[in-house]
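Only the coordinates and a few stated rules stand behind these numbers; no lab work does. Keep in mind that what you see is a predicted model, and the values were worked out from it rather than measured. Positions of Cβ are generated from backbone atoms using ideal geometry, with glycine treated the same way; all protein chains shown enter the neighbour counts.
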Amino acid sequence: MHDLIPEQPWAGDVMDVVPRCPRCRSAQIETRNLGRKYGGAIGAIAGTTSGVTLALSGAEVGFVGGPIGALMGAAAGVVIDGIVAGAAGCAAGSKLGAAIDQNILDNYRCRACGHTFGDTSP
């Protein structure tokens, strides 16, 4: 876990802790969240692609009922399925990316010295 040093020992019954850079001890820390960003983007692309593909395969079955109905249903299905599947894929990718950020990547960056570190950094 990164070092947490109290700014003020105790303020009432709550302890004020600020994350510090293990290299320069600065409190100017930002989160990078690279896994969450890329995971969400990849999940949205994969979800949208699968949603559109499923909607188009459903439209092929709909041609049995008539070509005009199939075209209108396919257009609506592609839009709705693409949006819903894209949102679900984005949410799943973001959750996976957040776990990767927390457990694998160095998710924190010091603005003062540029050092990157994670929760498990000494």
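Neighbours of Gly97, meaning other residues whose beta-carbon lies under 12 angstrom from its beta-carbon, give a summed charge of +3 when Lys and Arg score +1 and Asp and Glu score -1.
Taking a quarter of the surface of the Cα convex hull of segment 69-118 gives a mean projected area of 4.8 nm². Of Cys113, Cys21, the sequence from fewest to most neighbouring Cβ atoms within 10 angstrom is Cys113, Cys21.
Amide H contacts under 5 Å for Val18: Ile5, Glu7, restricted to partners 5 or more places along the chain or on a different chain, H placed in the peptide plane at 1.01 Å from N.
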